[in-house]
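Quick notes on the structure that follows.
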Amino acid sequence: MEKKGQSRREFLSNVTLGTLGTIGAGGLLSSCAGSRAVQKGGESTAISLAPQAPDGPVLKAGLVGCGGRGGGAAINFHDAGPNLEIVALGDVFRDQLDQCRSHLKAARGIEVADKNCFVGFDSYKKVIDSGVDVVLLATPPHFRPRHVKAAIDAGKHVFQEKPVAIDPAGARLMMETTRKAKANNLCMVSGTIRRYQKDYIETRRRVARGAIGEVVGANIIRNGGALWWVERRPEWSDMEYMLRNWGNFTWLSGDHYVEMFIHELDVMSWYMGGHPVKAVGYGGRHQRVSGDQFDHFSVSYEYQNGKKVHCATRQINGCDNGKEQYITGTRGRVDASGTIYNHDGEVTWKYPYPEEEDVHSKWSVKDPYVQEHIELVTAIRNGDYINDSEEQIKSARIAIMGRMAAYTGREITWEEVLESESRLGPETYELGPVPEITEEPPIVGTSPAPTNRYDYASANS
């Protein structure tokens, strides 16, 4: 369970960021072509929204975490522009690395030399030391803060998959590392794709210019089917089973509220600005059969000015599904994916998506999974600077805050998230038993005692 630790109030100043965030400049899409308002000295540039990164000397990247998202991130980096190479791979498991290696060769003709393929818990160190310029980090997110720190300490630029932290201690380490990256002009781009997606950016720009008036609240929902899971094999140790089934264990993934719902929470934070001051929530487990997590959550956040946001997410098969990212203002509301309404429900603006074949339209939306790598490479090659990590730490803390509220049944304050020393997971990493982590979901609250309503003799004595 989460618990409060020693004071860390100095971190409060680092998470109270502007409503537009580090990469959402107001004039970004004045002509929907984008502009790069360069700021030096560790301050982020506006993103370019260029269709590809500029040419330049070869940039070599190494991938740590060779699962499906890791292999995807490697291809996304390769596709971002010319002279981009994937030259090193690292994973705890040989079979995962081999599968990713084969996939990269089949999909893009990428061949990674045997000498640059590393296996084991220390494989991230070997990838970082293999002569790469950029490190792509896509392991289970528990490891993200430690791996990012190692990459930044070694002077590498970083692509970090979401979420950037799954517990208060990890978020604190990430903030310290981000400060160091800024001091050394090392670029950091995160995988919460919406802030690199043209339709989301243009919609946000219009709201920032007053399209719905003052933002007063939001309703954020993501309901989908059950998460993947794998059955344990007899030959797997506790650690191997949890790593191969990582999405179902809170210490590895943060629970789906942190690991997946982070996309929606990041959009919420982008619009609301600042940070919530407290959260209350609940959740439970109806159908999940693997791991130690809930399969549904409902959380209410309150901001300093009294504004409130309701968030809910579910992963259960056989139910109606859908997503809502509705932000309410004094003069209307917005679906953050590209539609603005007045309070009568009439559409006042809709993103003008071009025909699919019109790829040269200024309104075309580049695959955001590639766009985030285009921005990273563009910043490196142009000598500009980009770093979205502080905004992503804030979004991760909002997610952690909601999970803490649901798992404990208590009101959780922002200060509690900042001050908590809580760290999830074992102290050491090795392929063996992990008896301190059980495959059981949290139990919230206490059972009620019975009331003897029908003992008339006692009642009348």
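Laid out as a table, the results:
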{"item": "Candidate set from region 343-353 (those that are surrounded by fewer than 13 Cβ atoms within 10 Å (Cβ to Cβ) and more than 28 Å from the chain's Cα centre (by Cα)); member that is nearest to R204 (Cα to Cα)", "result": "V347"}
{"item": "Residues being touching a residue at least 24 places away in the same chain (Cβ under 8 Å), open to solvent by 20 Å² or more (accessible area, probe 1.4 Å), outside any helix (DSSP H, G or I) and among the charged types (D, E, K, R) - total across region 234-291", "result": "3"}
{"item": "Qualifying residue in region 302-323 (condition: buried (at least 21 other Cβ atoms within 10 Å of the Cβ), in contact with a His (Cβ under 8 Å, 6 or more places away or on another chain), over 30 Å from F121 (Cβ atoms) and touching a residue at least 60 places away in the same chain (Cβ under 8 Å))", "result": "yes"}
{"item": "Pairs with Cβ under 6 Å, 6+ apart, first in region 167-179 and over 17 Å from W251 (Cβ atoms), second open to solvent by 10 Å² or more (accessible area, probe 1.4 Å)", "result": "M175/N14; T177/K149; T178/E390"}
{"item": "Of residues in region 384-408 being open to solvent by less than 10 Å² (accessible area, probe 1.4 Å) and outside any helix (DSSP H, G or I), the one nearest to K308 (Cα to Cα)", "result": "D388"}
{"item": "Those residues of region 208-227 which are touching a helix residue (DSSP H, G or I) at 6+ places or on another chain (Cβ under 7 Å) and either more than 16 Å from A312 (Cα to Cα) or open to solvent by 20 Å² or more (accessible area, probe 1.4 Å) (or both), in sequence order", "result": "V215, R222, L227"}
{"item": "Residue in region 355-376 that is out of contact with any Phe, Trp or Tyr (no Cβ under 6 Å at 6 or more places or on another chain), closer than 30 Å to R179 by Cβ and β-branched (V, I, T) present", "result": "yes"}
{"item": "Unique residue being farther than 25 Å from A74 by Cα and crowded, with 19+ Cβ neighbours inside 10 Å when the list is T203, T192", "result": "T203"}
{"item": "Matching residues in region 178-207 - criterion: being closer than 30 Å to H296 by Cβ and either among the polar types (S, T, N, Q) or in contact with a helix residue (DSSP H, G or I) (Cβ under 9 Å, 6 or more places away or on another chain) (or both)", "result": "S190, G191, T192, I193, R194, R195, Y196, Q197, Y200, T203, R204, V207"}
{"item": "Test: residue in region 373-380 that is open to solvent by 20 Å² or more (accessible area, probe 1.4 Å), acidic (D, E) and within 17 Å of R194 (Cβ to Cβ)", "result": "no"}
{"item": "Residue match in region 332-349 (condition: touching a residue at least 40 places away in the same chain (Cβ under 8 Å), assigned to a loop (DSSP other than H, G, I, E, B) and in contact with a Leu (Cβ under 9 Å, 6 or more places away or on another chain))", "result": "no"}
{"item": "Yes/no for V299 being in a strand (DSSP E or B), surrounded by fewer than 22 Cβ atoms within 10 Å (Cβ to Cβ) and either under 22 Å from the mean Cα position of the chain (by Cα) or of a type in the set (D, E) (or both)", "result": "no"}
{"item": "Top-ranked residue of region 114-168 - restricted to ones that are small (G, A, S) and surrounded by fewer than 18 Cβ atoms within 10 Å (Cβ to Cβ), ranked as farthest from A405 (Cα to Cα)", "result": "G131"}
{"item": "Residue satisfying all of: in region 49-71; farther than 21 Å from G155 by Cβ and open to solvent by 20 Å² or more (accessible area, probe 1.4 Å); nearest to the chain's Cα centre (by Cα) among these", "result": "R69"}
{"item": "Residue check for R179: at pLDDT 95 or above, among the charged types (D, E, K, R) and open to solvent by less than 10 Å² (accessible area, probe 1.4 Å)", "result": "no"}
{"item": "Set Q392, Q371, Q325, Q315: member being within 20 Å of Q52 (Cα to Cα) and either out of contact with any Ser or Thr (no Cβ under 7 Å at 6 or more places or on another chain) or at pLDDT 95 or above (or both)", "result": "Q371"}
{"item": "Residues located in region 134-159, provided they are in contact with a Pro (Cβ under 9 Å, 6 or more places away or on another chain) and in contact (Cβ under 8 Å) with a residue 60 or more places away in the chain", "result": "P141"}
{"item": "Any hit, region 90-110, residues being touching a strand residue (DSSP E or B) at 6+ places or on another chain (Cβ under 7 Å), open to solvent by 10 Å² or more (accessible area, probe 1.4 Å) and assigned to a helix (DSSP H, G or I)", "result": "yes"}
{"item": "Sole residue being open to solvent by 50 Å² or more (accessible area, probe 1.4 Å), among the acidic types (D, E) and at pLDDT below 95, chosen from E356, E415, E430, E411", "result": "E356"}
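The values are calculated or read from the model by the stated rules, or taken from the named source; none is laboratory data. On a predicted model such as this, the values are computed, not experimentally measured, just so you know. Cβ: placed from backbone, ideal geometry, glycine included. Neighbour counts: every protein chain shown. Calculation scope for accessible area: heavy atoms of the full protein, side chains included, ligands and nucleic acids excluded. Shrake-Rupley method; radii C 1.70, N 1.55, O 1.52, S 1.80 Å.
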